[in-house]
Amino acid sequence: MKRILPFFVFGIIIALAVWQLDTIKSLFSSENQAGRAVGRGSVAVKVITQPVEMTNNDRVFAAVGTGRARLSVALYPAVSEEVKEVLFEAQQEVQSGDVLVQLDDREEQLALKLAEVRLKDAKSLLDRYEKAVKEGAVPESEVDSARADYEGAQVALDQAKLAIEDRQIIAPFDGVVGIPSVDPGDRVGPDTLITGLDDRAVLHIDFEVPEALAGDLKNAQLEKQKITATTPAYPDEVFEGYISAQESRVDPARRTLMARASILNEDDMLRPGMSFDTVWAIKGKPYATVPEIAVQWGREGSYIWLIRDGKAHEVAAKVIARKAGLVLMEGDIKADDVVVIEGLQRLRAGQDVEVLGEGA
């Protein structure tokens, strides 16, 4: 029995060595076959693709704004005087040059008549001297003195006319006046408000936008991009306008820029001072758009797989925005490219692909 045991152990050792040798050969054989398969590139990865679309990165900005008249002025008298007549009513439409309030100008009218008489006398004297100097009857100095008197009389006449104009409150432009603040007989001065005058044929809405939108605002003004506005005065009405102007500087404290939209006030429904909920549809640049499932992430950021000439290409792309399951991306992507949306994990750069179909 003791003689048989060593032979038995030796046989087991030989069997284990043979088994290990066969295993190693099998492993080398598998690796060689895999290497030959990859080297030939004959194994095409099956994928599902979708065409790349170009989409504008449109956004929406909302803000509360305040209505302003196209032209607006508060009217004050130029001098202190008694009110003679109030020639307008509240909400009356007036034309440029209309007299709204007449102040007492009796003394100024008398001064005007006196200035006209003096001017006439000065002109007559100047004419006589100019004829006489040609005959040598008067010296040249007398003519010069008469001419100076005439010019002085002309200035006095202009001053008299200006004094009369100062006794009138005149509309500087077409518009609608407010409630009169004075009555006939009132004593008024330069600090007395007479009324307000607004040209509200076009209503401006001023609202603030963050400085990050300064570039978009510049384009919006050039392109007259549209806005919509609502006001509590007419909750069921939506008014349309466009971006018409912007402030020249950013407020350093608030980091905002004042924007202005303009609305044609055809029915005269809108008033200066109203509050408006303003919505600005910002027109954005076009970007390549792919489904969210097509976007992959690596050490250097986001990328997608494109199919070009039947092969897979890894293309780095920056995410710009996300919209309803889609991603707007910036990179080396063209409108006619095809992006992989399924089968992504098995792809390698330059690998052949078999497109099974397009995604919905």
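We did not get these values from a lab; they are worked out from the coordinates using the rules stated. It should be emphasised that the depicted structure is a prediction, and the values quoted were computed from it without experimental measurement. FYI the Cβ positions are ideal-geometry reconstructions off the backbone, even for glycines, and counts take in every protein chain you see.
If you average the sequence gap of Cα pairs under 8 Å that are 6 or more apart and divide by the length of segment 207-360, what percent do you get for the contact order?
Worked out over segment 207-360, it gives 18 percent.
Extending each Cα 7 Å along its Cβ direction at A74 and E292, get the distance between those two points in nm, one decimal.
Taking the two extended label points, one gets 5.5 nm.
I need the shape label for segment 105-166. Rule: rounded when a/c is under 1.5, else prolate if a/b > b/c, else oblate, with a, b, c from the alpha carbon gyration tensor.
Because a/c hits 1.5 or more and a/b exceeds b/c, segment 105-166 counts as prolate.
What distance in nm separates the two pseudo spin-label positions at Q109 and T192, each 7 Å out from Cα along the beta-carbon direction?
1.9 nm
Angle check, please: helix 4-40 long axis (alpha carbons) against the longest principal axis of the chain (alpha carbons), in degrees 0 to 90, nearest 10.
Helix 4-40 sits roughly 40 degrees off the main axis of the chain.
Hey, quick one: spin label on Q102, modelled 7 Å out along Cα-Cβ, who in segment 147-186 has an amide N within reach, i.e. under 16 Å?
164-171, 183-186
Take the Cβ-Cβ distance between E314 and Y242 as r, set R0 to 41 Å, and report the resulting FRET efficiency rounded to the nearest 0.05.
On the way: r = 44 Å, r/R0 = 1.07.
That pair, E314 with Y242, gives E of 0.40.
Nothing charged except the Cβ atoms of Lys and Arg (+1) and of Asp and Glu (-1): what's the magnitude of the dipole of segment 94-252 about its Cα centre? Round to the nearest 20 debye.
So the magnitude is around 560 debye.
Between L197, L347, L257, where does the largest GNM mean-square fluctuation fall for the chain, given springs only between Cα atoms within less than 10 Å?
Comparing L197, L347, L257 in the GNM, the peak value goes to L347.
Anyone know which of D191, D174, D206 comes out most mobile in the 10 Å Cα GNM of the chain?
Comparing D191, D174, D206 in the GNM, the peak value goes to D191.
With the crude spin-label approximation of a point 7 Å out along Cα→Cβ, what separation in nm comes out for S181 versus L87?
Taking the simple label geometry, S181 and L87 are separated by 2.1 nm.
Determine which lysines satisfy two conditions relative to K218: a Cα distance under 30 Å, and not lying fewer than 8 residues away in the same chain.
Excluding near neighbours in sequence, the set is K226, K283, K285, K318, K323, K334.
Considering the convex hull of the alpha carbon atoms of segment 256-360, report its projected area averaged over all viewing directions, in nm², one decimal.
Answer in nm², one decimal: 11.5.
What whole number of Å gives the distance from the Cα centroid of segment 275-344 to the Cα centroid of segment 155-188?
So the separation of the two Cα centres works out to 66 Å.
Trypsin sites (Lys or Arg not before Pro) within segment 311-343: which are DSSP loop residues with at most 11 other Cβ atoms inside 10 Å?
When the trypsin sites (Lys or Arg not before Pro) of segment 311-343 are filtered for loop state and at most 11 Cβ neighbours within 10 Å, K334 remain.
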